[in-house]
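S.K.: Here you go, one structure.
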Amino acid sequence: MKYHETRIRVRYGETDQMAVVYHGNYASYLEEARTKWLRDMGVSYKKMEESGIALPVTQMSFKFKKSALYDDVLRIKTISKKTPSVRLEFDYEIYNQQNVLLATATTELVFINTERNRPTKAPNYFLEAFDNYKSE
């Protein structure tokens with residue numbers, strides 16, 4: 001199992017009138033956490049796309065336990081339990097600054113060859129970076 005942690009401060013515009021994070025914003029938090037992990041692994045999503053590989057999300061689910069609030073500092077733990085092949089699967093745990101578990105989530109992404117618009121295996125450079133990554 002490999003994991004990465006990202007911290008995000010909740011902005012006012014991400015909340016409703018009760019200062020509670022709107023549920024739709026959680027997808028953006030997961031995207032930011034995934035992108036940061038890739039960058040820390042040494043993989044540029046932008047360069048991956050320029051080389052003809054995309055990673056669209058094919059599944060996403062959430063279980064909300066408690067509300068995140070304005071100005072909370074969220075700690076998002078992104079977990080990968082297996083080496084990617086055609087699919088890249090993540091589990092997430094989202095905590096506030098008091099270490100209270102606020103939500104769990106899962107995503108599945110698929111490596112797509114953009115020239116053929118078909119699923120493809122993870123590129124070798126991605127697999128090497130993944131294998132060499134040391135969890136924080």
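S.K.: Just for region 10-49: of the residues that are of a type in the set (Val, Ile, Thr) and within 23 Å of SER80 (Cβ to Cβ), which one is surrounded by the fewest Cβ atoms within 10 Å (Cβ to Cβ)?
M.R.: Top of the filtered list is THR35.
S.K.: Please verify whether ARG75 is within 23 Å of SER135 (Cβ to Cβ), in contact with a Lys or Arg (Cβ under 6 Å, 6 or more places away or on another chain), modelled with pLDDT of 95 or more and surrounded by fewer than 17 Cβ atoms within 10 Å (Cβ to Cβ), treating the condition exactly as stated.
M.R.: Considered against the rule, which asks whether it is within 23 Å of SER135 (Cβ to Cβ), in contact with a Lys or Arg (Cβ under 6 Å, 6 or more places away or on another chain), modelled with pLDDT of 95 or more and surrounded by fewer than 17 Cβ atoms within 10 Å (Cβ to Cβ), ARG75 comes out as no.
The values are calculated or read from the model by the stated rules, or taken from the named source; none is laboratory data. On a predicted model such as this, the values are computed, not experimentally measured, just so you know. In this analysis, Cβ positions are derived from the backbone assuming ideal geometry, glycine residues included, and neighbour counts consider all displayed protein chains.
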